[in-house]
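The values are calculated or read from the model by the stated rules, or taken from the named source; none is laboratory data. As the structure is a computational prediction, the values presented were derived from the model and not from experiment. Cβ: placed from backbone, ideal geometry, glycine included. Neighbour counts: every protein chain shown. Calculation scope for accessible area: heavy atoms of the full protein, side chains included, ligands and nucleic acids excluded. Shrake-Rupley method; radii C 1.70, N 1.55, O 1.52, S 1.80 Å.
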Amino acid sequence: MADAVGNKVAHNYYLDIPQKQDTYFVKGMNNTDWGMKDRLSRIFNPKSGNTVMLAFDHGYFMGPTAGLERLDVTIAPLCEMADVLMGTRGAIRTCIPPVYNKAVCLRATHDQSVLFDDLSIGNGFCTDIEDAIRMNASAIAMQCFIGGKGERDSIENLCRAVDMGNKYGIPVLGVTAVGKEMERNAKYFSLATRILAEQGASFVKTYYCEDFEKVVAACPVPIVIAGGKKLPENEALEMAYNAIRCGANGVDMGRNVFQSEHPVEMMSAIRKVVHEGLTGKEAYDYYLSEINK
Ligand code: R5P
């Protein structure tokens with residue numbers, strides 16, 4: 001076993017030494033092909049290095065989540081403000097007009113629905129790579145259940161997606177799914193994000209937590225954070241700011257946008273944090289000024 005003898009006990013994340021990027025700005029992606037880089041440059045803004053992804057894929061296992069009852073009414077008007085649209089092929093084809101010219105991150109896994117206790121069992125890779133290409137996807141998103149009963153299946157699915165993605169130059173977003181019984185701490189998220197990156201994900205989505213800079217440092221590819229359950233706007237903006245401060249390369253937020261009373265202004269405030277370096281407080285002041293116009 002690798003850790004049986006003589007290993008160091010203390011961790012050293014070398015937080016003062018950024019990972020070296022020789023020729024290309026996206027973390028860990030120097031050695032990928034031109035097509036892969038071109039797609040990643042649609043996802044991550046070459047100027048800020050970051051991305052604002054709009055996640056509206058919840059219906060694939062939750063049904064019509066609050067705020068997503070009518071994707072055509074609530075999500076389509078927000079697309080202009082996103083860098084990346086993250087949804088299922090069914091949602092995007094039926095409800096999002098193909099006129100925004102935004103990167104698409106296609107949710108390509110299925111899980112059990114919320115009617116089951118354990119969502120991790122029976123997950124699968126449900127979208128053919130050719131259909132992803134047909135949809136002009138800039139990435140495909142694969143959910144992995146590290147520590148869950150479905151861990152092995154989900155890692156195998158991720159690996160298959162990475163193999164197919166590499167064949168055609170399509171990056172894979174590894175999504176860390178957190179079971180109810182798992183602790184949301186740096187120890188767990190470092191483990192989960194690192195496994196997904198080592199299995200070939202080009203970028204990873206996870207949740208913000210204390211000591212997040214260690215999670216980011218130990219992951220050799222970019223991390224974007226999910227928003228999770230709806231928070232008051234000031235708290236959601238503070239969380240986004242803290243994640244960026246700790247080295248995350250963006251957000252992939254859903255409920256904190258489309259469940260906001262002012263989703264357009266919220267998107268706009270998130271962009272200020274992610275692309276312009278505003279603090280959470282500054283972005284919230286901006287949000288208030290926009291809604292009071
Ligand atoms: C959830 O299953 C999806 O992966 C969502 O895309 C993800 O959780 C981000 O959405 P939210 O910000 O609402 O958590």
For this session: Could you calculate the contour length gain from Asn12 to Asp117, that is, 0.36 nm times the residue separation minus the distance between their Cα atoms, to one decimal place in nm?
Result: 34.0 nm
Exercise. Under the definition of Cα pairs under 8 Å and six or more residues apart, what whole-number percent is the relative contact order of the chain?
Worked result: 17 percent
Problem set entry | Rel. contact order, % - alpha carbon contacts under 8 angstrom, at least six apart, segment 105-214 | 23 percent
For this session: Would you please state the base-10 log of I(q)/I(0) at q = 0.11, 0.16, 0.17, 0.26 1/Å for segment 103-195, with intensities from the Debye formula using one equal scatterer on every alpha carbon?
Result: -0.31, -0.64, -0.71, -1.28
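Checking the a/c ratio against 1.5 first, then a/b against b/c, what shape does the Cα gyration tensor give for segment 1-146? Kindly include the intermediate steps, with their values, before the conclusion.
Numbers: a/c = 2.13, a/b = 1.33, b/c = 1.60.
The shape class here is oblate.
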Problem set entry | Assigned charges on the beta-carbon of Lys, Arg, Asp, Glu; the chain dipole about Cα centre (debye) | 400 debye
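Return the percentage of antiparallel bridges among DSSP beta bridges fully within the chain, rounded to the nearest 5 %. Mind dumping the intermediate values first?
On the way: 2 of 29 bridges.
Just about 5 percent of them are antiparallel.
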Seminar exercise, completed: Most fluctuating of Asn242, Asn256, Asn12 in the GNM of the chain (C-alpha, under 10 Å) is Asn12
Exercise. With charges only on Cβ, +1 for K and R and -1 for D and E, what is the dipole size of segment 90-226 about its Cα centre, in debye, rounded to 20?
Worked result: 360 debye
Exercise. Beyond 25 Å, what share of the Cα-Cα pairs of the chain remains, rounded to the nearest whole percent?
Worked result: 45 percent
Exercise. Counting only protein heavy atoms and using a 1.4 Å probe, what share of the accessible area of the chain belongs to carbon plus sulfur, as a whole percent?
Worked result: 51 percent
Exercise. Within segment 89-106, whose backbone N sits under 18 Å from a point 7 Å along Cα→Cβ of Glu80?
Worked result: 96-103
Seminar exercise, completed: Taking alpha-carbon centroids only, segment 185-202 lies from segment 25-98 a number of Å equal to 21 Å
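Indicate the gyration tensor shape class of segment 1-60 (rounded, prolate or oblate), computed on the Cα atoms with a ≥ b ≥ c the square roots of the eigenvalues: a/c under 1.5 is rounded; otherwise a/b larger than b/c is prolate and the rest oblate. Show your work: numbers first, answer last.
On the way: a/c = 2.31, a/b = 1.62, b/c = 1.43.
Because a/c hits 1.5 or more and a/b exceeds b/c, segment 1-60 counts as prolate.
Treating the beta-carbon of each Lys and Arg as +1 and of each Asp and Glu as -1, no other charges, what is the dipole magnitude of segment 48-157 about its Cα centre, to the nearest 20 debye? All intermediate terms of the calculation are to be shown ahead of the outcome.
On the way: 8 positive and 14 negative charges, 50 e Å.
Dipole of segment 48-157, to the nearest 20 debye: 240 debye.
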Exercise. Most fluctuating residue of Leu40, Leu191, Leu237 in a GNM of the chain with Cα springs under 10 Å: which is it?
Worked result: Leu191
For this session: Kindly state, to the nearest 0.05, the FRET efficiency for Asp285 paired with Val73, given R0 = 30 Å and r defined as their beta-carbon distance.
Result: 0.55
